[in-house]
Structures are given as C-alpha cells and as structure tokens.
Amino acid sequence: MTVFNLKDWQLINDFLVEVGGILRLKDYCLKVLELIKPLINYDSANFFIHPGEDKIRRAKKELKEPFTVNIEPKVINDYINYFQFIDDMKDRTFNLPYPVRSTDIMDYREWSKTEYFNDFLRPNHYYYTCGTDLHYRKYLLGTISFFRDIHSPDFSLKELFLLEMLAPHLANHLYKLMVIEEKLKIESLEQSRLIEINERKYSFTPRESEVFELVIKGFNNNEIADELYISVNTVKKHLYKLFLKTDSRNRTELVATLLRD
C-alpha cells in the first residue's frame, strides 16, 4: 500500500498550485520538469508534445524535439533520427493510459543485448526509466520520461503511483494551454487579415499598418516607438494620419472602426 505523509501532500499541493499558475504553453514543459523534481527525483528527463486529436498514429513516427533536462541536443537528434525506430520500450508503452517503468516492462537480460540498449541507453547513462503519457479524453497530448543511471535506485512504486495521480492534472492544464494558444493563433490570423483589408481600403502605408497592429495589441506610444525603432513624435504623426484616414478621434474609435470593417 502506498502511503503519503504530510510532507508529501504539501509537496503535491505546492506542485499543483505552481503548475496551475503557468500561463503560456512555451513555459509549460520545462517548468513541469523543474517543479516535479522534489517529488520524483531524476538524473535526466524529457517532455514530448504530441499532435493530439486524430493524429496519434502519426505522432509515433513524427516526434518533434522535446523539452529536456540534462540531455544534450545531439542525444535528442540521434534518438529522433534513428533510435526511436528501434526503441522496444517505446513500442511497448506508447499511448498507454497509465505510467510505466522499464523494470516492469523489459527483460533486462535480453534488453541489455540489443543495439538500442548498448548504443543509446548505456552510453548516455540511462538505465532506469519511468514515464507517462498525458491524455485529455481520447487525445494524446504529451509524454514525460525520467531517467536514472545504474548507480541510482530504480523508480519506486510510490513514485509511479504519484505520477499516475498527477497525470490527469497535468493533461488538463496542458490541454487548456493548447486551446488558448490555438485561439490566439486564430485571432492573430484574423487581425492580419483585417489589417490587409484596411491597408487597401484606407491606403495605409506599411509603417501605418505596423503602428495599427501594435495599437490593437495594446502598445502605448513609447512601446510602439521602441518596437519600431522610431521616435515617439513619429509614432504620434503616424497615429494622426491613421485618425484622419479613418475619421477617428482616438485610439478606441480607430480600433473599433477597423475591427468592425
């Protein structure tokens, strides 16, 4: 029976609070690997993001570069370009609904004779592995893997249970961040389309379009000047021309007019 003490529960609570506060997808993976270390200690780790939805089958062959801790870029390149295709552990565990560890899945007497073990795991000091796939409903969103060398202890049943308990929370937040990022991409494309339409309608110059795009994003005059490497007075001149061309009296009317068109 797995037993957590008061300190364990405090660490779990702190972890979930910190993860829940991550607001950007690009920050998520490395932050999760950093925050989970007090709960599941490891020598190295990686976090793969998968396509999700109906692309699960392709994800197995189209791994993108993961977020990593204590893993050299060359090791990742070697894995993606070759070793993933002879990785028996991956073949047996990909897209499982629960966490696994290598000592429960692989026969080390046989595994230690394979090319994958001798040419990839052993040289990189990966002896014990443990990991989980992250699912939101039927969608595979990501895979987290932890590694320890032969001089470290194997991952414990308690750590495996902990990972199983945390995985749904990690997947839910990852899915939310993916949805937010996709929404922002769509909004950005829509804004770009509107800017192009208004360029033609109001005969904006390229610089006026750049100023307008930053106004939409909420930049003030000083921030626009810094972003475009121009003076604040030049920003004001461009805004004045935008107001004239669109018959607007201020920024609010300018944005409302152009986003409505």
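The values are calculated or read from the model by the stated rules, or taken from the named source; none is laboratory data. Just so you know, these numbers come straight off a predicted model, no measurement behind them. Positions of Cβ are generated from backbone atoms using ideal geometry, with glycine treated the same way; all protein chains shown enter the neighbour counts.
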Taking region 44-64 as the region of interest, how many residues are closer than 20 Å to Leu170 by Cβ and either modelled with pLDDT of 75 or more or among the acidic types (Asp, Glu) (or both)?
9
Specify which of the listed residues (Ala256, Ala225, Ala171) is aliphatic (A, V, I, L, M), free of Cβ contacts under 8 Å to residues at least 60 places away in the same chain and in contact with a strand residue (DSSP E or B) (Cβ under 7 Å, 6 or more places away or on another chain).
Ala171
Got at least one residue in region 140-159 being of a type in the set (A, V, I, L, M, F, W, C), in contact (Cβ under 8 Å) with a residue 60 or more places away in the chain, touching an Asp or Glu at 6+ places or on another chain (Cβ under 7 Å) and over 30 Å from Thr257 (Cα atoms)?
yes
Starting from residues that are more than 16 Å from Tyr79 (Cβ to Cβ) and polar (S, T, N, Q), keep the ones in region 121-159 and report whichever is surrounded by the most Cβ atoms within 10 Å (Cβ to Cβ).
Thr132
All conditions in (1) modelled with pLDDT under 90; (2) in a helix (DSSP H, G or I); (3) of a type outside the set (Asp, Glu) are true of Asn222 except (1)
Selection from region 164-203 of residues among the aromatic types (Phe, Trp, Tyr) and either exposed (fewer than 15 other Cβ atoms within 10 Å of the Cβ) or modelled with pLDDT of 90 or more (or both) yields Tyr175
Go through (1) within 16 Å of the chain's Cα centre (by Cα); (2) part of a strand (DSSP E or B) for His169 and report which single condition fails.
(2)
With the requirement that a residue be farther than 18 Å from His169 by Cα and either touching a Ser or Thr at 6+ places or on another chain (Cβ under 6 Å) or not assigned by TED's automatic domain parsing to the domain that holds Tyr116 (or both), what does region 129-155 give you?
Thr129, Phe147, Asp154
Note on region 91-107: residues within 24 Å of the chain's Cα centre (by Cα) and free of Cβ contacts under 8 Å to residues at least 12 places away in the same chain are Asp91
With Arg101, Arg148, Arg137 as the choices, which residue is of a type in the set (Lys, Arg) and touching a Gly at 6+ places or on another chain (Cβ under 9 Å)?
Arg101
Residue match in region 81-99 (condition: at pLDDT 95 or above, of a type in the set (A, V, I, L, M, F, W, C), under 28 Å from Met165 (Cα atoms) and assigned by TED's automatic domain parsing to the domain that holds Ile150):
no
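Is it the case that Ala167 is out of contact with any Pro (no Cβ under 9 Å at 6 or more places or on another chain) and within 30 Å of Tyr127 (Cα to Cα)?
no
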